[in-house]
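Input: a single structure, listed below in structure tokens.
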Amino acid sequence: MEQSPKGKKGGKKTLSKQKEAEETVRVFHKKGDGKLKNFAVQLKNDKWHVQKDVNNAIELDIAVDKPNEFTEFKDFTADEFYDENTMDKYNFHCIGEETIRAKWLMDGSRTLAEAAKCLRDEATRLENLAKEGWKLSDLISDDYGFITCPPKFETIGDFLLK
């Protein structure tokens, strides 16, 4: 905080104009979801970037309205919101690039049929990502693949700042 110049009566502390106007990103979430597994953020075009965790699978969507179940919110400064540690802590998706791996896909399978189903389910998920416009950034190497968001989900800089 900046202090008012000496010599003025009261010596009140005032916030600098920069701090008063500090931009924030408001992330709406379900009541009690402090980990923000399910959330919505308003975009500059007034649509909503919605992320839901459905059985440990992330579903992303662009919605016209904020889903009704997101009744609480958490504010982040723009710097906080785009910080890699914040993205990792809250599992914010589609803000750049995602990692895909095949390791452990068949864990827990007791039969070859179960193992094959696990592989087919992952193949279907990857095919759906491709249909939505996701693309590999480079060759998959040593079980690591990196995919980039389709244009509809490229949200860096597109969130509504308050």
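Just so it is clear, none of the values below were taken in a lab; they were calculated from the coordinates. This structure is a prediction, so every number in the text was calculated from the model and none was measured. Using ideal geometry, Cβ is built from the backbone for each residue, glycine included, and neighbour counts are taken over all protein chains shown.
What to note about this one:
- Here's how it looks for Ala102: its modeled amide H is under 5 Å from none belonging to a residue 5 or more places away or on a different chain.
- With each label modelled as a point 7 angstrom along the Cα→C-beta vector, the Leu139-Ala115 pair spans 2.7 nm.
- When peptides 30-40, 118-128 are ranked by their average number of other Cβ atoms within 10 Å per residue, the highest-first order is 30-40, 118-128.
- Proportion of all alpha-carbon pairs of the stretch 19-153 beyond 18 Å (%): 63 percent
- Among Glu98, Glu84, Glu23, the ranking by other beta carbons within 10 Å of each residue's beta carbon, starting with the fewest, stands as Glu84, Glu23, Glu98.
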